[in-house]
Every structure is written in structure tokens, then in C-alpha cells.
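Visitor: Sharing a structure here in C-alpha cells format.
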Amino acid sequence: MKESSLNNFEQNQPMSQYVDFYGRVFIINSDVLIPRPETEMIIDTILNLVGKPYLPGVKPSKAKLPQNLTIADIGTGSGCIAITLKLELPNATIIASDISEKALKVAEKNADNLDASIELLQSDLLEKITAKPDLVVANLPYVDESWEWIDKKALSKEPALALYANNGGLELINKLIDQVTERSIKHLVLEADPCQHEQIINFAKKKGLTLRETRGFALYLSE
Ligand SMILES: C[S@@+](CC[C@H](N)C(=O)[O-])C[C@H]1O[C@@H](n2cnc3c(N)ncnc32)[C@H](O)[C@@H]1O
């Protein structure tokens, strides 16, 4: 980690702290979601898709996609998914986007600290993404504010923009599925609460995407 640039960043940012994600240290602050352990399943899912071993002693599946694929990470936040994918798959091209400029600054700092060469872009979902990625990955906000089991006080240090979505938490996920299928992007890996999976699978099916794998909170859908 480059200490001098990190110190500069910390001086200018609210309450920076460090978290581990997939064995690497990421800097975060109140502008981004704290990376969660369940999101690591997204990385395992994608490594398995390209035939790369992700667990000691477990054979990966036969590769469905090449390791030099182009991936767009939508709602990148701290950049934990995009940066981890670049470091695990050095031949991949990674585009990391977020609607929040403040989040993108955190992602940029993490990419710099971890020496990950990724493209960062401000965009509302796929709106500003001109490239056609082989795969879209997204951990978008999916919490519905009405869920009784949510501890809103515990979540109050993270931005609402990173957590909450309307329509049972599915508003952004459904919009992304629409955009992915309109652009004929063939592979989509999403995170959502397991209680939402059935609805997502049914909606995606109507749009031409089939569920291929569920791994914890992660769903892999493809044409
Ligand atoms: C649940 S956080 C995930 C952050 C990170 N990918 C992770 O897994 O820790 C969702 C992210 O989506 C971003 N976001 C919210 N609405 C968006 C939109 N319409 N387009 C793109 N990004 C959006 C938020 O700013 C936030 O950074």
C-alpha cells in the first residue's frame, strides 16, 4: 500500500477505515458500502465461470468464458469487486462504474493502492457505458426500507444510496436486467437477498435470461 497517498486521502476524507475483502485490504469511508463477506461469493462465481480454481482442493467447472473477458461492475462502491476481479484475472478488462462521484473517488484510491488497472466511470447503471461487456456484475442496492428485520441504526453509517431500493428492493436490479437484455449482453452475475431470488429469476426469464447457478447471495444468469 502506498502510505503517503493514503495519508493524504485520509486527511481529506470522513472516517476512513480498512476492511478485508477476498484477502486484500480496502480503504472505506462513509461514502461507500462496507464490503460484506457474502459478496465474496460473486468473485467465486466468476472465477468458476472462467475455469479458475477458487477454493483449494475444488476443481473449477469447465470454462464458459475466457479469462481475457471484459467485465462491467455496476455500482462499484469501494471498488472491491472490480479490483479483486482485475487482480485475480489480470488479462481481463474491467470497467467499474457508480452513480456516486464520491464512491468513485474511494474506488480510485483502492485501485491505486492495490495496483489494479481498471477503468472508472460515473454512470447511472449502463447509461454511459459504451463498450459491450461479456459479463455484467452488480451488487446494487437491494434493501427495502420496509423490511422488519433490518437494523436501520446499524446501517446508518453507510449511504442510503448504497443500500435502499424501491419496489421490494428490486427497482434497480430489474432496471439493470432490462438494460442488459436490451443490449444483448449474455452473462449477468448479481447479488440479492435470497428472499428476492425467485422474483429476480422469474423477471429475468421473461427477458430471456436463465438462472445457471445460485451461490449464497449470488445469482448467475445467462442467455
Ligand atoms: C450495495 S452498494 C455495493 C458496493 C460494492 N459493489 C460492494 O459490493 O461492496 C451499491 C452501489 O451502487 C451504487 N448505485 C446506486 N444507484 C446506482 C445507479 N442507479 N447506477 C449505478 N450505481 C448505483 C451506490 O452508489 C453504491 O456504491
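The values are calculated or read from the model by the stated rules, or taken from the named source; none is laboratory data. Predicted, not measured: the structure shown is a model, and the values here were computed from it. Because the Cβ atoms are built from the backbone with ideal geometry, glycine has one as well, and the counts that use them run over all protein chains shown.
Visitor: LEU104: assigned to a strand (DSSP E or B), in contact with a strand residue (DSSP E or B) (Cβ under 7 Å, 6 or more places away or on another chain) and over 21 Å from ALA204 (Cα atoms), yes or no? Steps first, answer last, please.
Guide: Numbers: assigned to a strand (DSSP E or B): no; in contact with a strand residue (DSSP E or B) (Cβ under 7 Å, 6 or more places away or on another chain): yes; over 21 Å from ALA204 (Cα atoms): yes.
No; evaluated as a whole, the condition is false for this residue.
Visitor: Report those strands (runs of 3 or more DSSP E) wholly inside the range 12-85 carrying at least 3 residues which are away from the ligand (no atom under 16 Å from the Cβ) and surrounded by fewer than 21 Cβ atoms within 10 Å (Cβ to Cβ).
Guide: Here the list is empty.
Visitor: Take the residues in the range 87-108 that are within 14 Å of the ligand (Cβ to nearest atom) and not hydrophobic (A, V, I, L, M, F, W, C), then tell me which one is surrounded by the most Cβ atoms within 10 Å (Cβ to Cβ).
Guide: The extreme case among them is ASP98.
Visitor: Would you point out the residue of the range 138-186, among those that are assigned to a loop (DSSP other than H, G, I, E, B) and among the β-branched types (Val, Ile, Thr), that is farthest from ILE42 (Cα to Cα)?
Guide: The selected residue is ILE150.
Visitor: When you go through (1) touching a residue at least 40 places away in the same chain (Cβ under 8 Å); (2) more than 16 Å from ILE94 (Cα to Cα) one by one for VAL137, which number turns out not to apply?
Guide: With (1) touching a residue at least 40 places away in the same chain (Cβ under 8 Å); (2) more than 16 Å from ILE94 (Cα to Cα) applied to VAL137, the lone miss is (2).
Visitor: If a residue has to be out of contact with any helix residue (DSSP H, G or I) (no Cβ under 8 Å at 6 or more places or on another chain) and either modelled with pLDDT of 95 or more or among the charged types (D, E, K, R) (or both) to count, how many in the range 50-74 make the cut?
Guide: Filtering the range 50-74 down to residues out of contact with any helix residue (DSSP H, G or I) (no Cβ under 8 Å at 6 or more places or on another chain) leaves 50-51, 56-59, 62, 66-70, 72.
From what is left, the residues that are either modelled with pLDDT of 95 or more or among the charged types (D, E, K, R) (or both) are 50-51, 59, 62, 66-70, 72.
Going through the range 50-74 one residue at a time, the tally reaches 10.
Visitor: Among the residues of the range 130-137, are any within 12 Å of the ligand (Cβ to nearest atom), within 14 Å of SER97 (Cβ to Cβ) and not in a loop (DSSP other than H, G, I, E, B)?
Guide: Restricting attention to the range 130-137, the residues satisfying the condition of being within 12 Å of the ligand (Cβ to nearest atom) are 136-137.
Subset that is within 14 Å of SER97 (Cβ to Cβ): 136-137.
Within this subset, residues satisfying the condition of being not in a loop (DSSP other than H, G, I, E, B) are 136-137.
Yes - at least one qualifying residue is present in the range 130-137.
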